[in-house]
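Undergrad: Here it is, the structure in full.
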Amino acid sequence: MRQLYLLCLLLCLAFSLSVNAQNASDSAYQTASSDKVDRPKNSWYAPDYVVVQHAGLIGILAAGFGYDFGKHDRTNAELMYGFTPNYGFKNTTHTFTTRIYYQSNPKPLFKDFQISWIKAGTGISMTIGEQFETFFPKKYPEGYYIWPTATRILPFVGSAVRREFKGKNRPVFGEFYGEIGTSDVMIVDKYRNKGISVPDILNLAIGVRVSL
């Protein structure tokens, strides 16, 4: 009888330790993964943020809105409008751009600031202006342009620094970013003309994103 009592006591103790260990494991998992929990989403049609950018071959100043999606909202898609005022050209140019890019998970930088070291993607732009052709211009020989001068493919890489704030329904953030980019035409020119250096085909852009 005494042996049966001791056996029951040991079984109860083992069960108790097992439950406590499982609870501790679950708590540690939730803590470790809490920094990667997706923010509550807006309505499916509502943008997640607004963006303003200077330079980057999409206008001297461009603005638009974007959506974040994918795992932990690391993938972004943007629609932007930019313009370049009349600097010797007859008309101001208007550029419409679609961009998609990946941005790495932000890491602590300083106090409440975080940094995303990797931001990489590409854009497709359409520019309206007197000096841009929507179709292949007949005055140039065949093969002179790969595609119409109004259309550009714009790959880029960069980094971003952000800070999050408490919002009413979800955390909000403000972000400053910098990018180095180029265009399909510049890459082809570099390939055709060995006298063109790599820095000659690169451009710098800076911008701000603010969540909604």
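Undergrad: Restricting to the stretch 193-212, what's the tally of residues that are exposed (fewer than 12 other Cβ atoms within 10 Å of the Cβ) and among the aliphatic types (A, V, I, L, M)?
TA: 1
Undergrad: List every residue pair whose Cβ atoms sit under 9 Å apart, with the two residues 6 or more apart in sequence or on different chains, where the first one lies in the stretch 169-192 and is buried (at least 16 other Cβ atoms within 10 Å of the Cβ) and the second, anywhere, is of a type in the set (F, W, Y) and assigned to a loop (DSSP other than H, G, I, E, B).
TA: D184/W147; V185/Y145
Undergrad: State all residues of the stretch 55-98 that are among the acidic types (D, E) and either in a helix (DSSP H, G or I) or at pLDDT 95 or above (or both); if no residue qualifies, say none.
TA: Answer for the stretch 55-98, where residues must be among the acidic types (D, E) and either in a helix (DSSP H, G or I) or at pLDDT 95 or above (or both): D73, E78.
Undergrad: Would a scan of the stretch 101-112 turn up a residue that is surrounded by 13 or more Cβ atoms within 10 Å (Cβ to Cβ), farther than 23 Å from R209 by Cα and either modelled with pLDDT of 95 or more or of a type in the set (S, T, N, Q) (or both)?
TA: no
Undergrad: Give the stretch 149-168 a look and list any residue that's surrounded by 17 or more Cβ atoms within 10 Å (Cβ to Cβ) and of a type in the set (K, R), or say none.
TA: Of everything in the stretch 149-168, those that are surrounded by 17 or more Cβ atoms within 10 Å (Cβ to Cβ) and of a type in the set (K, R) turn out to be R152, R162.
Undergrad: Taking the stretch 69-83 as the search range and keeping residues that are surrounded by fewer than 20 Cβ atoms within 10 Å (Cβ to Cβ), touching a residue at least 12 places away in the same chain (Cβ under 8 Å) and at negative phi, which one is farthest from the chain's Cα centre (by Cα)?
TA: Ranking the candidates gives F83 first.
Results for (1) under 29 Å from S104 (Cβ atoms); (2) at pLDDT below 65; (3) touching a helix residue (DSSP H, G or I) at 6+ places or on another chain (Cβ under 7 Å); (4) not in a loop (DSSP other than H, G, I, E, B), shown as yes or no for each residue.
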{"residue": "S125", "(1), (2), (3), (4)": "yes, no, no, yes"}
{"residue": "F136", "(1), (2), (3), (4)": "no, yes, no, no"}
{"residue": "W147", "(1), (2), (3), (4)": "no, no, no, no"}
{"residue": "R162", "(1), (2), (3), (4)": "yes, no, no, yes"}
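The values are calculated or read from the model by the stated rules, or taken from the named source; none is laboratory data. This structure is a prediction, so every number in the text was calculated from the model and none was measured. FYI the Cβ positions are ideal-geometry reconstructions off the backbone, even for glycines, and counts take in every protein chain you see.
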